[in-house]
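Working notes for the structure below.
The values are calculated or read from the model by the stated rules, or taken from the named source; none is laboratory data. In this text the structure is predicted, and so the values were computed from the model without any measurement. Neighbour counts run over all protein chains shown; Cβ positions are idealised from the backbone, glycine included. Note: accessible area is taken over every heavy atom of the protein model, side chains too, but ligands, DNA and RNA are not part of it. Shrake-Rupley method; radii C 1.70, N 1.55, O 1.52, S 1.80 Å.
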Amino acid sequence: MATTKQVPAAAQLLVSISDLSMVNDIKKAISMLKGVTLVKKQKQKEFDITKTKGFQEALDDVKHGRVTHYDSVDDMFKSVLGEEAFSKIRSKHV
């Protein structure tokens with residue numbers, strides 16, 4: 001029966017560097033460490049809210065007229081909570 005040697009899975013370490021002028025020096029230093037097999041530079045991706053599902057759903061709601069308009073924040077809370085609940089909350093906090 002032949003024996004096979006189990007090779008451990010490689011681990012990855014993510015390093016964020018705020019001083020971009022040091023990226024190449026840090027990359028070089030890390031690559032000199034024993035056991036490091038690959039060091040690559042990758043720019044951080046910027047977050048784009050317009051690509052999110054929620055943003056696209058909101059645009060679709062606007063496009064199809066599924067929006068509600070209130071003349072004031074008080075009117076919105078009256079509609080959401082009901083007149084009686086709104087009055088109780090409003091009287092406690094004014």
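Exactly one residue out of Lys53, Lys45 is at pLDDT 90 or above and of a type outside the set (Val, Ile, Thr), and it is Lys53.
Which one of Val23, Val36 is surrounded by 10 or more Cβ atoms within 10 Å (Cβ to Cβ) and in a helix (DSSP H, G or I)? Talk me through it step by step, then tell me what you get.
Values: Val36 fails: in a helix (DSSP H, G or I).
The match here is Val23.
Residues in segment 39-71 that are open to solvent by 100 Å² or more (accessible area, probe 1.4 Å) and more than 17 Å from the chain's Cα centre (by Cα): Lys40, Lys41, Gln42, Lys63, His64, Arg66, Thr68, His69, Asp71.
Of all residues in segment 23-64, those that are hydrophobic (A, V, I, L, M, F, W, C) and closer than 19 Å to Gln12 by Cβ total 9. Given the criteria surrounded by 10 or more Cβ atoms within 10 Å (Cβ to Cβ) and out of contact with any Asp or Glu (no Cβ under 9 Å at 6 or more places or on another chain), does Val15 qualify? Here the answer is no, as Val15 does not meet what is asked. Beta carbons closer than 7 Å, at least 6 apart along the sequence or on distinct chains, never pair a first residue in segment 32-43 that is more than 16 Å from Met22 (Cβ to Cβ) with a second that is at pLDDT 90 or above and of a type in the set (Ser, Thr, Tyr).
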